[in-house]
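The values are calculated or read from the model by the stated rules, or taken from the named source; none is laboratory data. Remember, predicted model here, so these are calculated numbers, not experimental data. As a convention, Cβ positions derive from the backbone with ideal geometry for all residues, glycine included, and neighbour counts pool all protein chains shown. Surface accessibility is based on the protein's heavy atoms, side chains included, excluding ligands, DNA and RNA. Shrake-Rupley method; radii C 1.70, N 1.55, O 1.52, S 1.80 Å.
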Amino acid sequence: MRPVIVAGNWKMHTTPADAGELARTIGARTRVDGVTRVLCPPFVCLAAVRDALADPGVAAPDGSGVAVGAQNVHRERQGAYTGEVAASMLEGLATWVIVGHSERRQQFGETDEVVAAKLTRVIEAGLRPILCVGEQLEAREAGADVAATIVVDQVVNALRPNAGDALWSSGLVIAYEPVWAIGTGRNASGADAAAMADTIRRALRTVAGSVAGLGNGEDLTVLYGGSVSSSNIDEFMAEQAIDGALVGGASLKPDEMAAIVARAGLTARARAAATTA
Ligand code: PEP
C-alpha cells in the first residue's frame, strides 16, 4: 500500500519569529491518521518549525507527527558557494527535501543534470527526496503525448545517474507539478494528473530495466501539485494513481491545510480498509 502524503511548500514566506506558530497551528489542525504530513519552510525557519512540531499537540491519534522538509540544497557537498546550503547541513533540521521545483528550474536555471546531482546529495545525506517534474504550458497545449515525453525525460534524467538501492530505499516521492498550474489558480484535471502519474510509474519501470535497485514503479509514491486547495483536493484524491499533494500557496493557510489533509485522510482510510479486506 502506498502512503498518502500532504507536503506544504512555504516558498519564500514566513520568518523565524512567526513560522513556529504557523507550523504548530497547522499541525494541530491536521491530526489525521494515515496521512504523512510534511512542512517545508525557508531554510532560516527550519529550526523554529522543527521545535514547534515537537509539541505533542500536533501528533495524530496514530502517533505520527509532522515532518520538516527543506525546499532545496546545493549540488555540491561543500565548498566556495556563498549563500548556499549543502544537504549534510540539514542534519537535525529536516528529514525531507524538495528537489527540482519548477521555480528553481525556471528562475535559477536548474537543468536536469543539476537536479540529478542535487538528488545524489539528498540521498547521500539520508534525506527523503520529493522530486518535482512537470511540463510548461506550451507542451500541455501541444498535447498529452508531448507533455508526457517531457515529464518522462525529466524523471529518467534525474533517476538514471542515481541508479541503485540507495535511491529506492531513500523513500523517493515524485511530485507531478505542471508548471502552468503552479501559483496560477489553474489546476490540472484529476484525470490528466492521474494519467501522468501512471506515465511516471511506467518511466520508472523503464529505468529499472537497466538499473538495479529501482524497484517496481507500482510502489512509487506520486503526488500532484499545482494550485491545490480545499476546493479541488477531492478531484485528485479520488484518483487511485495519486497519493497526495504538494501544496504551495494554500499550505500557509491553516483552514486550507485542515481541509486538504482531512480529504487525504479519507483516501488513506479507504486504502487501509482495502488492504485488510
Ligand atoms: C508548489 O509550490 O509546489 C505549488 C504547487 O504551488 P501552488 O500550490 O501555490 O500552485
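Heavy-atom accessible area, probed at 1.4 angstrom with all protein chains present, ranks V207, V44, V114 as V44, V114, V207, highest first. A straight line joining the Cα centroids of the stretch 70-119 and the stretch 1-37 runs 21 Å.
The trypsin sites (Lys or Arg not before Pro) found in the stretch 15-89 that occupy coil by DSSP, while having at most 16 further C-beta atoms within 10 Å, are R77.
Database remark: amide H of G8 closer than 5 angstrom to the amide H of V38, L39, C40, V247 (H placed geometrically; neighbours at sequence offset of 5 or more, or on other chains; Pro and chain starts carry no H).
Across the chain, the volume of the C-alpha convex hull divided among the residues equals 120 Å³ per residue.
Derived value for the stretch 1-129: Kirkwood hydrodynamic radius 15.2 Å. Basis is the mean of 1/r over every pair of different alpha-carbon atoms. Who wins for biggest fluctuation among S64, S229, S251 in a Gaussian network model of the chain, springs between alpha carbons below 10 Å? Maximum among the listed residues: S64. Near E110, the amide H atoms lying under 5 Å from its own belong to R105; only residues 5 or more places off or on other chains count, and H is placed 1.01 Å from N.
Helical runs (DSSP H, four residues minimum) scored at -39500 (n - 2.57) apiece and divided by the length of the chain put the mean residue ellipticity at 222 nm at -13000 deg cm²/dmol.
For F108, the accessible surface of its heavy atoms amounts to roughly 120 Å² (probe 1.4 Å, protein chains only, rounded to the nearest 10). Helices meeting the span-like rule in the chain (full DSSP H runs, Cα extent of at least 30 Å along the helix axis, mean Kyte-Doolittle score of 0.0 or higher): 190-210, 254-276.
In the chain, which longest range has no GluC sites (Glu not before Pro) that are both DSSP loop (not H, G, I, E or B) and surrounded by at most 15 other Cβ atoms within 10 Å? The segment 92-277 is the longest one with no such site. Taken one residue at a time, the phi angles of the stretch 78-95 give Karplus couplings (6.51, -1.76, 1.60, θ = phi - 60°) of 6, x, 7, 10, 3, x, 9, 10, 8, 4, 4, 6, 7, 4, x, 10, 9, 10 Hz. Gly and Pro are set to x. Across the stretch 134-253, C-alpha contacts under 8 Å between residues 6 or more apart give a mean separation that, scaled by the residue count, equals a relative contact order of 29 percent. Put one equal scatterer on each alpha carbon of the stretch 161-254, apply the Debye formula with no solvent term, and list log10 I(q)/I(0) at q = 0.21 1/Å to two decimals. Each listed q corresponds, in turn, to -0.96.
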